[in-house]
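Working notes for the structure below.
The values are calculated or read from the model by the stated rules, or taken from the named source; none is laboratory data. Because the structure is a prediction, the values reported are computed rather than measured. Here the Cβ positions follow ideal geometry from the backbone for every residue, glycine too, while neighbour counts run over all protein chains shown.
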Amino acid sequence: MTEGLRDTHGEGTRLDPWLGAYAARAQAMRASEIRALFAVASRPEVVSLAGGMPYIGGLPLEEIGDMMRRLIVDRGETALQYGSGQGDEALREQITQVMALEGIAAHADDVVVTTGSQQALDLVTTIFIDPGDVIVAEAPSYVGALGVFRAHEADVVHVPMDAHGLIPVALESTLARLQAERKRVKFLYTVPNFHNPGGVTLSLERRPQILEICARYGVLVLEDNPYGLLGFDHEPLPALRSMSDDGVIYLGSFSKTFAPGFRVGWAVAPHAVREKLVLASEASILCPSNASQLAISSYLNHSDWHGQIKSFREQYRDRRDALVGALEENIPSASWNVPEGGFYVWVKLPAGLDSKSMLPRAVTARVAYVPGTAFYYDGQGADFLRLSYCFPTPDRIREGIRRLAGVVDAEMETVRIFGTGAADRSGSVEFPSPDLA
Ligand SMILES: Cc1ncc(COP(=O)(O)O)c(C=O)c1O
């Protein structure tokens, strides 16, 4: 029977006899060329400024270990059993308290627990997107969201940001154009706080403006907010969801404020949407992990999680300062924003440089970053790169930037002699591996 399938499609190769059998949506799923380079980048001698991996060494691991042991001894029969498709009720209640820190007044019944907010992105896309539907997203956008959108054959239209986040007039003119073209715009995907990869935060003033524009055009807002509690200088701004209950689906996560290894995130959605999210999640995973959910729940009950977030903020602020200081000192020909929280600095390279073609030289010099092209649907971004300061120590960050400065100098010399290395990448999207997302 399987042979028959191979014969029918007739496009197999020795490497993949099933090539002709894939669904159309799988054709676009290809590992990026830069993955191989990142396999090298994970070696200890390379300073990786590429990954968005939280600094897990900053957690009280002994205490968490004791807590996990107690959880299995005391509540193993629940923790190791299947659970509810919507998620553990006690955890959902606690999640409402976490969200209250950003002004959201939700009920536990509004919350759907997911396997990381990544699964929530997938569920929302599953229930809203038919092939060819349009998703409007910031330029640049989170690479993991672009991967989900591509897997569902969405068409992504980017809207620019500036230092204050998504630009309302640009959003308005894009929605007006798409409406005139009779495109089916399903939602706006936005990361309002400490953007990945842009590092910027949507200003307080713009938040109601974005909601008003989307409401006028009948476009739902998908607010993805894993970094909101990791601000360095001030209290969190009110979430978009706190200003609109029925126009916003909100996504949260414990990955950046606690630990991604538990894979616990959540979605809050208008009631009818929430129903569909639960059904879609049950169809895909039956239920989120009870062991992970109960671990997070007892962490929130018994640990000083507010203190832990404060400590993370301080450590990430030091690392941000180390990165920005080293950029000023070593690569003044580039430009960048100074993020007020989160993990990322978005760097514009000196004219003529191409971050993707420069990557092999960087990895050879034992420093890694993610090229800007990964964060656009349409191949733009070669003149940018993303640097993450969350994982390496301040000293390693400074060393990494010194190495990167050498690479930039050498690349500028090459460009001076041979001209620009920028290639035409229209239509190509990079999908670096998950630890780089
Ligand atoms: C903007 C954004 N959304 C979602 C995610 C996914 O996070 P998780 O699935 O670990 O909750 C990430 C991870 O880097 C992210 O940066």
Answer yes or no: is there a residue in region 307-314 that is touching a residue at least 12 places away in the same chain (Cβ under 8 Å) and surrounded by 19 or more Cβ atoms within 10 Å (Cβ to Cβ). yes
Among (1) under 28 Å from Tyr369 (Cβ atoms); (2) small (Gly, Ala, Ser); (3) within 16 Å of the ligand (Cβ to nearest atom), which single condition is Ser203 missing? (3)
Looking only at region 382-421, which residues are within 30 Å of Ala259 (Cβ to Cβ) and in a loop (DSSP other than H, G, I, E, B)? Tyr389, Cys390, Phe391, Pro392, Thr393
Single match in Ala326, Ala322, Ala272 (criterion: closer than 30 Å to Phe418 by Cα and either surrounded by fewer than 23 Cβ atoms within 10 Å (Cβ to Cβ) or not assigned by TED's automatic domain parsing to the domain that holds Thr125 (or both)): Ala326
Of the conditions (1) touching a residue at least 12 places away in the same chain (Cβ under 8 Å); (2) away from the ligand (no atom under 15 Å from the Cβ); (3) on the phi < 0 side of the Ramachandran plot, the single one that Gly132 does not satisfy is (3)
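Quick check: anything in region 303-314 closer than 22 Å to Ala90 by Cα, touching an Asp or Glu at 6+ places or on another chain (Cβ under 8 Å) and within 15 Å of the ligand (Cβ to nearest atom)?
No, because not a single residue in region 303-314 is closer than 22 Å to Ala90 by Cα, touching an Asp or Glu at 6+ places or on another chain (Cβ under 8 Å) and within 15 Å of the ligand (Cβ to nearest atom).
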Filtering region 232-268 for residues that are touching a Gly at 6+ places or on another chain (Cβ under 7 Å) and more than 15 Å from the ligand (Cβ to nearest atom) leaves a count of 4
Tell me which of these Leu353 doesn't satisfy, since it passes every other one: (1) of a type outside the set (S, T, N, Q); (2) modelled with pLDDT of 95 or more; (3) part of a helix (DSSP H, G or I); (4) out of contact with any strand residue (DSSP E or B) (no Cβ under 8 Å at 6 or more places or on another chain). (3)
Members of region 52-70 that are part of a helix (DSSP H, G or I) and within 16 Å of the ligand (Cβ to nearest atom): Ile56
Would you pick out the residues in region 329-356 that are surrounded by 15 or more Cβ atoms within 10 Å (Cβ to Cβ) and over 21 Å from Leu230 (Cα atoms)? Asn330, Ile331, Ala334, Lys348, Leu349, Pro350, Gly352, Leu353, Asp354, Ser355, Lys356
Check Leu80, Leu91, Leu101 and return the single one that is crowded, with 19+ Cβ neighbours inside 10 Å, modelled with pLDDT of 95 or more and out of contact with any Lys or Arg (no Cβ under 6 Å at 6 or more places or on another chain). Leu91
Suppose we filter Asp395, Asp435 for residues that are at pLDDT 95 or above, surrounded by fewer than 16 Cβ atoms within 10 Å (Cβ to Cβ) and closer than 20 Å to Pro54 by Cα; which single one remains? Asp395
Provide a single number: the residues in region 357-381 that are in contact with an Asp or Glu (Cβ under 8 Å, 6 or more places away or on another chain), crowded, with 22+ Cβ neighbours inside 10 Å and either outside the structural domain of Gly52 (by TED's automatic domain parsing) or part of a helix (DSSP H, G or I) (or both). 4
Determine if region 137-144 includes at least one residue that is in contact (Cβ under 8 Å) with a residue 24 or more places away in the chain, among the β-branched types (Val, Ile, Thr), part of a strand (DSSP E or B) and over 18 Å from Gly247 (Cβ atoms). no
